[in-house]
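The next block holds one structure in the form of structure tokens; read it before the comments.
Every read-out reported here was derived from the displayed coordinates using simple, explicitly stated rules and does not represent laboratory data. From a predicted model like this one, the values you see are computed outputs, not experimental measurements. Because the Cβ atoms are built from the backbone with ideal geometry, glycine has one as well, and the counts that use them run over all protein chains shown.
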Amino acid sequence: MKTFTLSQTDLTVPAVVAGMMRIAELDDAAIRTLVNTALDAGINFFDHADIYGGQLHRCEERFAAALHLTSSQRQEMIIQSKCGIARDGQFGYFDFSYDHIVSSVNASLTALQTDYLDILLLHRPDALVEPDEVARAFDDLAAAGKVRYFGVSNHTPGQIELLQSKLGRPLVANQVQLSITHSPMIAQGIAMNMAGEDQSISRDSGLIDYCRLRGITLQAWSPFQAGFFDGVFLDNPAYAALNASLDRIAQRYDVTPMSIATAWITRHPADIQVILGTTNPDRVRQAAAGADIVLTRPEWYELFRTAGHIIP
């Protein structure tokens, strides 16, 4: 498994992360099989959020109840969780207030049966954010030993800069949607200044270059999703040309198309982590195998082109 040092931390992290958002309905044995498969593949990084599981902290609770981690086992894992999405009845909203962040982290620690999170991410931008409150929450959580490092999810460069202006510590990660077919942060730069082409429109204010310049690690969620609500692109007839390329390149490396779809992301020099959402152990193995494949430039650009992007 490809690993690297997460920028601005002392954490050695795998290129592929096991996302735990769908484990709520699994029994203990299935959760253990999923986690052990990940560990055997070199994935010791597990991604959670307080809202995963249909009720607050449900997936975190199931993870802890199934594994009963010893102190030494916990130390071998990197556990990341998120907070900031709240609900008022059936309606959701965002809350980066001091009280919400601190109470959410305390509840996550209880659910996970651990004393600390390795990384805490703010889940989605709060339009009413007060950066001073976030800074105070982060300082208190760090001082109490409850969170080692902090980051964000789905944030623009400007939103990150606003938070960072008050923080006494770096934001080390930004988790965003990214796949071969859903990659505006990469595609826009390739088609820059091409008036009239949708691909040339900046939708994220140069996020990928900004994060590389600031030492912020990008984490790709929905790495096999065609778009936001469009299902996966693998074996999807709407992406016949892409799947033909994936099949051919997969045969060349003696892996599966899912491995190559993973390799397309991990090949990028930004050291992007792939966040898996699957509960299928075999798919975990397939994705993990992709992290060790270094696609050639022609292969990488072929996949980019057959996904429907412009190469001028």
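Only aspartates and glutamates eight or more places from Lys166 in sequence, or on another chain, were considered; those with a Cα closer than 13 Å are Glu130, Asp132, Glu133, Asp139. Taking chymotrypsin sites (Phe, Trp or Tyr not before Pro) as exposed when DSSP calls them loop and at most 10 other C-beta atoms lie within 10 angstrom, the chain has its longest site-free stretch at 1-227. The range 101-117 and the range 284-311 have Cα centres spaced 37 Å apart.
Among beta bridges identified by DSSP and lying wholly in the range 1-120, the antiparallel ones come to about 50 percent. DSSP assigns beta bridges within the range 3-306; of those with both partners inside it, close to 25 percent run antiparallel.
Quick check on the exposure proxy: order Glu133, Glu76 from fewest to most C-beta atoms within 10 angstrom. Numbers along the way, then the final one.
Details: Glu133 17, Glu76 10.
The order, fewest Cβ neighbours first, is Glu76, Glu133.
Treat the count of other C-beta atoms within 10 Å as a stand-in for reagent exposure and order Ile180, Ile272 from fewest to most.
Working: Ile180 26, Ile272 22.
Least crowded to most crowded, the residues run Ile272, Ile180.
Quote the Stokes-Einstein diffusion coefficient, in whole µm² s⁻¹, for the chain, based on the Kirkwood radius over alpha carbon pairs, a temperature of 10 °C and a viscosity of 1.306 mPa s. It diffuses with D of about 79 µm²/s by this estimate. Counted by Cβ distance under 15 Å from Ala173, the other residues give a net charge of +2, where Lys and Arg count +1 and Asp and Glu count -1. Kirkwood hydrodynamic radius computed over the range 108-199 comes to 15.2 Å, based on all pairs of distinct alpha carbons. Of all lysines in the structure, those lying under 30 Å Cα to Cα from Lys2, and not within fewer than 8 positions of it along the same chain, are Lys82, Lys146.
In summary, the convex hull built on the alpha carbon positions of the range 15-120 has an orientation-averaged projected area of 6.8 nm².
Once C-alpha pairs closer than 8 Å and six or more residues apart are averaged by separation and normalised to the residue number of the chain, the relative contact order reads 18 percent.
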